[in-house]
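A.B. asks: The structure under discussion is supplied below as structure tokens; questions concerning it will follow.
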Amino acid sequence: TIEAVKTGTFNLTDDAEELFNEKDIKLKKLRPEKEVKIPVYTAATLKEKVISPDEFMLPSYNKEIKSKISEVLKKEATICEDLLIRRVVQSFGISRAGSRIHGKMTEIINECDLKFTLYDFEKIYWSDTLEPENYETFRISGSEENRREAEHVPVQEAANAVVRVLSEQVSLAQEDLIREAAKIMGYTRS
């Protein structure tokens, strides 16, 4: 039959029984895909040291700040810049990063020469062991201190959740896809 196609003598009216011999068909039993366990997001636990915002601005704390940045990245990468800054600043007993503290943190982060990707003007930081172009993971939001707000989910993780949902569902309306991706990541509302 392949020869008939090549030579142009193949006729669509030929009997299918003649064209295909059942004995030539080999069925391969597909093994069900292993259930991939989705990791749970876990926040870095930094040693707390309470200082004033003015003390935080002193250069004498830069080394400790850099060390805490490194700790957060080891535990939480991929991580958006806002959450990285929040984790470090709060470990010094400072509830929120005003413009001065935010500026200092940005300066110190830039000195660290960290790997990052940029999406919609937001920097996402990566640990040395993660490669953005090969990243296929996403994490479920934990509970209590390990809860990560949806706004802090890096776009790469959200995209990976979407891919996971599509691999299971094949086709969904955009609204349903967003809802299912949010659900698989542990969020009840999209």
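The values are calculated or read from the model by the stated rules, or taken from the named source; none is laboratory data. Everything numeric in this text was worked out from a predicted model, so none of it was measured. Cβ: placed from backbone, ideal geometry, glycine included. Neighbour counts: every protein chain shown.
A.B. asks: Which of the residues spanning segment 135-153 are more than 11 Å from the chain's Cα centre (by Cα) and either hydrophobic (A, V, I, L, M, F, W, C) or modelled with pLDDT of 90 or more (or both)? Before you say what the answer is, go through the steps one by one.
C.D. replies: Narrowing segment 135-153 to residues more than 11 Å from the chain's Cα centre (by Cα): 141-151.
Once the filter is applied, which keeps residues that are more than 11 Å from the chain's Cα centre (by Cα) and either hydrophobic (A, V, I, L, M, F, W, C) or modelled with pLDDT of 90 or more (or both), segment 135-153 yields 141, 146, 147, 148, 149, 150, 151.
A.B. asks: Does residue 153 meet the test of being touching a Cys at 6+ places or on another chain (Cβ under 9 Å) and within 19 Å of residue 40 (Cβ to Cβ)?
C.D. replies: In short, yes.
A.B. asks: So, in segment 126-137, how many residues would count as being over 19 Å from residue 72 (Cβ atoms) and either crowded, with 16+ Cβ neighbours inside 10 Å or in contact (Cβ under 8 Å) with a residue 40 or more places away in the chain (or both)?
C.D. replies: So the answer is 0.
A.B. asks: Looking for whichever is closer than 30 Å to residue 58 by Cβ, in contact (Cβ under 8 Å) with a residue 12 or more places away in the chain and not small (Gly, Ala, Ser) here; the options are 140, 101, 178, 184. Which one fits?
C.D. replies: Being closer than 30 Å to residue 58 by Cβ, in contact (Cβ under 8 Å) with a residue 12 or more places away in the chain and not small (Gly, Ala, Ser) holds for just one of 140, 101, 178, 184, which is 101.
This table checks each residue for (1) over 19 Å from residue 39 (Cβ atoms); (2) modelled with pLDDT of 95 or more; (3) of a type in the set (Ser, Thr, Tyr); (4) surrounded by fewer than 19 Cβ atoms within 10 Å (Cβ to Cβ).
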{"position": "62", "(1), (2), (3), (4)": "yes, yes, no, yes"}
{"position": "67", "(1), (2), (3), (4)": "yes, yes, yes, yes"}
{"position": "72", "(1), (2), (3), (4)": "no, yes, no, no"}
{"position": "80", "(1), (2), (3), (4)": "no, yes, no, no"}
{"position": "87", "(1), (2), (3), (4)": "no, yes, no, no"}
{"position": "90", "(1), (2), (3), (4)": "yes, yes, no, yes"}
{"position": "93", "(1), (2), (3), (4)": "yes, yes, no, yes"}
{"position": "96", "(1), (2), (3), (4)": "yes, no, no, yes"}
{"position": "100", "(1), (2), (3), (4)": "yes, yes, no, yes"}
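A.B. asks: Same structure again: Among the candidates 167, 127, 171, which residue alone is closer than 30 Å to residue 62 by Cα and small (Gly, Ala, Ser)?
C.D. replies: Checking each option against the conditions leaves just 127.
A.B. asks: For residue 120, all conditions in the list (1) at negative phi; (2) touching a residue at least 24 places away in the same chain (Cβ under 8 Å); (3) among the charged types (D, E, K, R) hold save one; what is the number of the exception?
C.D. replies: With (1) at negative phi; (2) touching a residue at least 24 places away in the same chain (Cβ under 8 Å); (3) among the charged types (D, E, K, R) applied to residue 120, the lone miss is (1).
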